[in-house]
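Working notes for the structure below.
The values are calculated or read from the model by the stated rules, or taken from the named source; none is laboratory data. Remember, predicted model here, so these are calculated numbers, not experimental data. Note that each Cβ is placed from the backbone with ideal geometry, even for glycine, and that neighbours are counted across all protein chains shown. Side chains included, ligands, DNA and RNA excluded: accessible areas come from the protein's heavy atoms. Shrake-Rupley method; radii C 1.70, N 1.55, O 1.52, S 1.80 Å.
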Amino acid sequence: QSGHYGRGVEVEQDDDNKDSIKSFYIKGWKVSTGILNVLNLAAPQTLTTISFWRCGLDREALHIIVNMLSKIAIRSVSLDGNPECAGHFHLLLSEDCTISSLSLRSNKISCTDIALFSTALATNKSLTNLSLHNNSIEDEGAQHLARGLRMNRTLLTLNLSGNKLTDVGTKALSEILTSLTLSHEEIVARRKLISENKSALATDDPPTTPGGRTKDRPGSNSRTGSHTALDKKGKGGASGKGNKKQDKMEKPGTKDGRKSDMGNKGKDDKRKGAADAKKGNIKKGTAGKKYQEEKEQEPEVVEFSNPLLESNMSEKEGKIVVPGNYALTCLNLNNNAIDDNGITYLYKALHFQENSTMKRGIKGLLRLTLKNNRYDNESRYYTELVDIMTRRDPFYEQPLIEEDQSNITAQT
């Protein structure tokens, strides 16, 4: 083991099975490709977290890690302090990516590097937490990220602190939080998706009996077993992976009254767990604890439809306008170079979100941090931005009266 900043290797074992490893951390040691190949071959399926802090990883090493990720459902990945990989981190966001939390701090990531990453981010369906703290991302990089977040409805938390953003980059990020005017390519993709969904719904409807009932039995694992609103909106998304997401979100007892295999399976598992506990095979509470841990390991599924299939759309000057990114809930912009103009852009974006009509439960950005920038903390827009975020932040606590106003975050 090691101290917080010391060299060493730390391993965390599974609570239920001491022979299984669920996470490992390597700090400050140069990790060769030979060692990584061994880890790749020996890594257990129970592994959910890996961290390589300042391990001198290069492109070849990153490829080995990507190969490991393709075989094991690892949820949390931290590759802080490995700048030689800066131009290749987009490889982590492959089609079968299971990463929900990704930390890429202190990697000297440039605008060119983030462009490739943002392209992969646009279609990613697993990543919910991304830290790009202390890199070399400037306004151009923020614009690339904004383009990546146009169609992404999975990322919840984004940390861009310690970079080089000014008002230009802040404006790009603010604009995607309001509304989006679809480009010609996006309109074409939208029409194609709508057409495909209509065809799928027409062909997927199960045959009916004269009484109007379907011939499918309850509990059938047919893909057409239930047509929920999500199925109609999200089926056949742009990335082609929308169905997997919907399978996770379907619950026992669908809208049309039928039950899915998932519901029956859950009941069977509960009966089996209770029976085993009764026989003494499982310690009291173990089954529930293990189930809870498995649920915590799964990436959080955000119930947002494909933005190209958004029903809450409008037409403005002959162009289609859809709601912007309301999935992003936390944004950290500490330690950049944002001045009063940037604060104005953020205020207008949050004012727009607060006054827009969205589905119940969808509020948009809830926490925003802006410490150590170049704005005037007594300006009108900053004061109003603090007021808005105070109302929106679910964890906000009233500061002490003597606390300096500059320390009141527009809460991230």
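Selection of first residues in the stretch 120-138 that are farther than 11 Å from Arg105 by Cβ and of second residues that are aromatic (Phe, Trp, Tyr), restricted to Cβ pairs under 9 Å at least 6 apart or on distinct chains, gives the following pairs, ordered by first then second residue: Ala120/Phe89. If the condition is being modelled with pLDDT of 90 or more, open to solvent by 30 Å² or more (accessible area, probe 1.4 Å) and of a type in the set (D, E, K, R), then the stretch 146-197 contributes Arg147, Arg150, Lys164, Lys171, Glu175. Put simply, of Gly34, Gly81, Gly56, Gly28 the only residue that is in contact with a Phe, Trp or Tyr (Cβ under 6 Å, 6 or more places away or on another chain) and not hydroxyl-bearing (Ser, Thr, Tyr) is Gly81. Scanning the stretch 35-78 for residues that are open to solvent by less than 40 Å² (accessible area, probe 1.4 Å) and of a type outside the set (S, T, N, Q) yields a total of 18.
Scan the stretch 98-113 residue by residue and report those that are within 14 Å of Leu130 (Cα to Cα) and either touching a Phe, Trp or Tyr at 6+ places or on another chain (Cβ under 9 Å) or in a loop (DSSP other than H, G, I, E, B) (or both).
The answer is Thr98, Ile99, Ser100, Leu102, Leu104, Arg105, Ser106, Asn107, Ile109.
Tell me which residues, restricted to the stretch 1-31, are of a type in the set (Phe, Trp, Tyr) and modelled with pLDDT of 85 or more.
Result: Phe24, Tyr25, Trp29.
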